[in-house]
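The values are calculated or read from the model by the stated rules, or taken from the named source; none is laboratory data. Just so we're clear, the structure is a prediction, and the values are computed from it rather than from any experiment. Every residue, glycine among them, receives a Cβ derived from its backbone with ideal geometry; neighbour counts consider all protein chains shown. Surface accessibility is based on the protein's heavy atoms, side chains included, excluding ligands, DNA and RNA. Shrake-Rupley method; radii C 1.70, N 1.55, O 1.52, S 1.80 Å.
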Amino acid sequence: MTLSASITGKPDRLTALAARRYRNGRSLPNHSNEALEAILSHRSVRDYLPQPVPEHIVDIAVTAAQSAPSSSNLQPWSVIAVEDSGIQDRLNAIAGNQRQIAQAPLLLIWLADLARPRSIAQGQGSNADGLDYVESFLLGIIDAALAAQNAVVALESLGLGTCYIGAIRNDPEAVSRELGLPDGVFPVFALTVGYPDPARPADVKPRLAQEAIVHRNRYDPTAHRAALDSYNRALRSFQAEQGMPCIDWTAQVSNRIGTVAALKGRHVLKDVARRLGFALK
Ligand SMILES: Cc1cc2nc3c(=O)[nH]c(=O)nc-3n(C[C@H](O)[C@H](O)[C@H](O)COP(=O)(O)O)c2cc1C
């Protein structure tokens with residue numbers, strides 16, 4: 001317990017947030033501020049009000065996204081804001097018909113965009129040969145993810161809810177056709193955005209104890225073992241509170257990666273990415 005908590009008898013704000021995040025009695029130093037409180041309060045939102053997302057909110061979210069670091073400042077990502085319900089419905093069909101896509105007034109599609117740097121380099125008389133390597137594909141994916149997460153933090157700080165949708169990668173070529181993506185542009189994930197429905201609130205989902213995640217000086221392959229039982233229990237209580245089917249996290253992990261079928265079509269992504277204009281040398 002920190003000094004201030006021992007004086008007031010109340011848990012510090014950050015310790016209260018850590019208690020929700022871990023459910024294991026972890027305390028944190030009393031360094032609370034609005035940014036930390038927003039980040040530690042994250043939860044994915046899958047139930048939205050029909051209220052549209054104002055344009056100025058999108059403007060702020062994109063500014064936050066563009067404020068993320070960028071590999072060599074190449075800025076190799078783009079985003080498409082989809083509010084057309086026909087396009088949303090067709091993207092939702094690709095993503096396996098998820099309720100948050102059906103409900104969200106706004107869907108942001110985050111793209112690894114190597115078409116723009118290629119065009120710029122070609123304008124300078126370069127072949128842009130460096131773009132034909134796995135490294136450049138990774139760079140686009142990494143930068144798109146960093147940008148999107150900055151947008152998520154900004155949107156949550158403004159009272160909106162979001163949910164990432166990796167399931168658009170079930171069929172990136174269909175997404176590409178739907179959105180008119182040129183060669184060298186890959187749809188990384190979508191993000192549903194909207195005002196959370198207060199009648200169906202989402203709670204903070206617990207995470208693995210830090211001891212399972214943080215290694216000191218060298219990697220310890222056994223570090224996670226002691227954390228699993230208590231994490232299974234924490235996640236089961238979260239699932240029960242949220243009215244979700246109760247299943248151990250360890251079983252979820254195993255189910256998600258246990259078979260090729262569980263990849264839901266994403267086992268062919270290397271070939272798909274090549275067809276979308278990434279040589280992946
Ligand atoms: C890249 C990425 C893709 C995701 N794709 C989906 C998805 O297709 N459908 C979904 O319901 N949630 C999706 N999620 C949300 C995760 O399920 C969620 O972040 C995780 O369960 C932790 O819950 P929390 O965000 O509420 O803390 C995705 C998250 C990430 C980071």
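Computed quantities for the displayed model
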{"read-out": "Residue check, residue 211 within 30 Å of residue 241 (Cα to Cα), over 21 Å from the mean Cα position of the chain (by Cα), in contact (Cβ under 8 Å) with a residue 12 or more places away in the chain and part of a helix (DSSP H, G or I)", "value": "yes"}
{"read-out": "Residue check, residue 190 in contact with a helix residue (DSSP H, G or I) (Cβ under 9 Å, 6 or more places away or on another chain) and either closer than 30 Å to residue 114 by Cβ or assigned to a loop (DSSP other than H, G, I, E, B) (or both)", "value": "yes"}
{"read-out": "Residue ID - nearest to the ligand (Cβ to nearest atom), chosen from residues in the range 82-95 that are in contact (Cβ under 8 Å) with a residue 24 or more places away in the chain and open to solvent by less than 50 Å² (accessible area, probe 1.4 Å)", "value": "95"}
{"read-out": "Enumeration of residues in the range 128-183 that are more than 10 Å from the ligand (Cβ to nearest atom) and aromatic (Phe, Trp, Tyr)", "value": "133, 137"}
{"read-out": "Flag for residue 67 being closer than 22 Å to residue 187 by Cα and open to solvent by 40 Å² or more (accessible area, probe 1.4 Å)", "value": "yes"}
{"read-out": "Residue count, the range 106-140 (criterion: surrounded by fewer than 18 Cβ atoms within 10 Å (Cβ to Cβ), at pLDDT 95 or above and among the polar types (S, T, N, Q))", "value": "4"}
{"read-out": "Filtered residues of the range 239-269 (kept if loosely packed, with under 11 Cβ neighbours inside 10 Å and assigned to a helix (DSSP H, G or I))", "value": "241, 256, 257, 258, 261"}
{"read-out": "The range 141-172 - residue that is acidic (Asp, Glu) and open to solvent by 10 Å² or more (accessible area, probe 1.4 Å) and, of those, farthest from the chain's Cα centre (by Cα)", "value": "171"}
{"read-out": "Unique residue being within 16 Å of the ligand (Cβ to nearest atom) and surrounded by fewer than 16 Cβ atoms within 10 Å (Cβ to Cβ) when the list is 218, 200", "value": "200"}
{"read-out": "Failed condition for residue 210, given (1) open to solvent by less than 40 Å² (accessible area, probe 1.4 Å); (2) touching a Phe, Trp or Tyr at 6+ places or on another chain (Cβ under 9 Å)", "value": "(1)"}
